[in-house]
Amino acid sequence: MTNENEPRTIDEADAYDRRTRRQLWIGLAAAATVVLVLILIVMESRYRAALDDPRPSAALDETMAVVVADLAPLPQDAREIVLTTRGEQRPRYEVVIRDGDGEHLYDMTRSASSAGVIEHGRRAGEAIRFRVELSLSEDGELEGAYRPDRGVSVERYQDVAAALVRESLIAWHTHQSYPAPDAEERSSDDIRDGWRRVMD
């Protein structure tokens with residue numbers, strides 16, 4: 001080899017060429033491995049994220065359609081019913097009813113422990129993870145999107161979700177039939193006088 005690190009003989013040239021090719025293949029293999037690992041990580045994260053996305057289910061739609069049909073007609077222009085699980089320490093189920101403009105019509109919240117939790121397995125006693133989005137058409141047709149909770153059986157998921165929606169619709173009917181009286185604004189002096197009269 002010369003001082004410039006260039007081969008002088010044919011054998012030196014072959015050795016230099018082999019070493020260069022080996023380094024090139026090692027570099028290409030390392031780059032391909034890194035790209036492959038990145039692709040796998042991205043695909044796995046997208047797959048896991050997709051598991052949490054609500055998806056349509058004709059079987060669950062049938063159950064929910066029966067619940068809504070049993071309590072039809074609904075009091076106002078309800079177009080959306082959303083059931084979600086909230087909270088970590090004291091989980092609860094929340095059902096929100098909205099109209100076609102997204103305006104809030106009614107909501108109900110129930111403690112998960114009183115409404116129904118996972119009964120068996122590693123997650124026994126935990127809340128069922130709900131994200132149920134029901135869309136109601138003017139004709140009474142129902143389409144839903146459901147986030148599955150693979151820690152609970154389909155039957156249990158379906159039973160608790162249907163019971164919560166049924167209970168919310170019954171409570172909404174009752175609320176519409178017997179509305180609470182509007183609270184009038186009163187001064188703090190009036191409030192104190194009222195308490196004095198009652199307590200004296």
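The values are calculated or read from the model by the stated rules, or taken from the named source; none is laboratory data. Fair warning: this is a prediction, and the values are worked out from it, not measured in the lab. So basically every Cβ, Gly included, is an ideal-geometry build from the backbone, and we count neighbours across all protein chains shown. With ligands, DNA and RNA removed, areas are computed over all heavy atoms of the protein, side chains included. Shrake-Rupley method; radii C 1.70, N 1.55, O 1.52, S 1.80 Å.
Check residue 163 against each of (1) farther than 21 Å from residue 101 by Cα; (2) at pLDDT below 90; (3) part of a helix (DSSP H, G or I) and name the one condition it does not meet.
(2)
Within the stretch 19-60, which residues are of a type in the set (S, T, N, Q) and within 23 Å of residue 150 (Cα to Cα)? Please lay out each step first, then the result.
Taking the stretch 19-60 first, the residues of a type in the set (S, T, N, Q) are 20, 23, 33, 45, 57.
Scanning the stretch 19-60 gives 45, 57.
For the stretch 1-114, list the strands (runs of 3 or more DSSP E) that sit wholly inside it and hold at least 3 residues that are of a type in the set (A, V, I, L, M); which are they?
Correct list: 78-86, 92-99.
Looking for something open to solvent by 90 Å² or more (accessible area, probe 1.4 Å), touching a Lys or Arg at 6+ places or on another chain (Cβ under 8 Å) and assigned to a loop (DSSP other than H, G, I, E, B) - is there at least one such residue anywhere in the stretch 121-136?
Checked the stretch 121-136: at least one residue is open to solvent by 90 Å² or more (accessible area, probe 1.4 Å), touching a Lys or Arg at 6+ places or on another chain (Cβ under 8 Å) and assigned to a loop (DSSP other than H, G, I, E, B).
May I ask you to list pairs of residues, at least six apart or on different chains, whose Cβ atoms are under 8 Å apart, with the first in the stretch 137-160 being at positive phi and the second being at pLDDT 90 or above and surrounded by 17 or more Cβ atoms within 10 Å (Cβ to Cβ)?
Every condition considered, the pairs that remain are 140/68.
Within the stretch 127-140, is even one residue among the charged types (D, E, K, R) and modelled with pLDDT under 90?
Yes: one or more hits.
Yes/no matrix, rows are residues, columns are (1) within 16 Å of residue 176 (Cα to Cα); (2) touching a residue at least 40 places away in the same chain (Cβ under 8 Å):
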| position | (1), (2) |
| --- | --- |
| 68 | no, yes |
| 75 | yes, yes |
| 79 | no, yes |
| 89 | no, no |
| 94 | no, no |
| 100 | no, no |
| 109 | no, no |
| 117 | no, no |
| 122 | no, no |
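Pick out the one residue from 198, 154 that is of a type in the set (Val, Ile, Thr), open to solvent by 30 Å² or more (accessible area, probe 1.4 Å) and touching a Pro at 6+ places or on another chain (Cβ under 9 Å).
Details: 198 fails: touching a Pro at 6+ places or on another chain (Cβ under 9 Å).
It is 154.
With respect to the numbered conditions (1) farther than 23 Å from residue 66 by Cβ; (2) within 18 Å of the chain's Cα centre (by Cα); (3) among the charged types (D, E, K, R); (4) at pLDDT below 95, which one is the sole condition not fulfilled by residue 122?
(2)
Could you please let me know if residue 116 is of a type outside the set (A, V, I, L, M), modelled with pLDDT under 95, open to solvent by 50 Å² or more (accessible area, probe 1.4 Å) and in contact with an Asp or Glu (Cβ under 8 Å, 6 or more places away or on another chain)?
no
Answer with yes or no whether residue 148 is under 22 Å from residue 68 (Cα atoms), in contact with a helix residue (DSSP H, G or I) (Cβ under 8 Å, 6 or more places away or on another chain) and in a loop (DSSP other than H, G, I, E, B).
Yes, satisfied.
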